[in-house]
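What follows is a single structure, written as structure tokens, with notes after it.
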Amino acid sequence: MGGCAAPQHFWPQKDIVGTDEGIIHGEKMVLIASRSSEYKIGLVAELQKQLASAQISHKTIGVKQLDKVDSMDYTAVVVINTCLAWGLDNDVSHFLDRQKTTANIILLTTSGDGLWLPDKRGRDFDAICGASIKANISDVAQYLMERIRKRL
């Protein structure tokens, strides 16, 4: 177990409970994958509300389920995860490494100060950082919506 990986084994992150209530059959699909925390649950709920209001088809899964996902099956993939020990979530890293293209992926990583960004290693995913501040949920969801709309 390496330095940055150890905290992820000692303090494993819980996943959000997924839902497919926002699916509009025959429409372009947005996938939201998230870890679970009070902030992330609130952010996902607000993002789902905004997607539903815009009549954009979407479904939500936990980050662990990304091991079965091909980003090419979705118009946009929003991944909400946490920086642990100055490293990218292992499950998210494996997901990114498996993709043929990452152009439709929007990665929001929360960290204590909200300033940590992952090393993109030449990949073209959209990396966003932020702190888990509940007062900012609506603004962050709106920013994510702007990034999603650019991919629709």
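We did not get these values from a lab; they are worked out from the coordinates using the rules stated. In this text, all values refer to a predicted model and were calculated from it rather than measured experimentally. Cβ sites come from the backbone with ideal geometry, for glycine too, and all protein chains shown count toward neighbours.
Computed values, structure above
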| item | result |
| --- | --- |
| Kirkwood Rh in Å, taken over the chain so that all alpha-carbon pairs contribute | 15.4 Å |
| DSSP-assigned coil residues among chymotrypsin sites (Phe, Trp or Tyr not before Pro) in segment 53-131, each with at most 12 further Cβ atoms within 10 Å | W86 |
| Residues C129, C83 arranged by fewest to most Cβ contacts within 10 Å | C129, C83 |
| Assigned charges on the beta-carbon of Lys, Arg, Asp, Glu; segment 6-149 dipole about Cα centre (debye) | 80 debye |
| Average Cα contact separation per residue, the chain, under 8 Å, 6 or more apart, as relative contact order % | 24 percent |
| Full-extension gain in nm, A103 to I41, via 0.36 nm per residue minus C-alpha separation | 19.8 nm |
| Longest segment of the chain lacking trypsin sites (Lys or Arg not before Pro) that sit in a DSSP loop with at most 14 other Cβ atoms within 10 Å | 29-99 |
| DSSP H segments from the chain that extend 24 Å or more along their own axis, Cα-based, with Kyte-Doolittle mean of -1.0 or above | none |
| Computed E for V17/W86 - FRET, C-beta separation, R0 30 angstrom, nearest 0.05 | 0.60 |
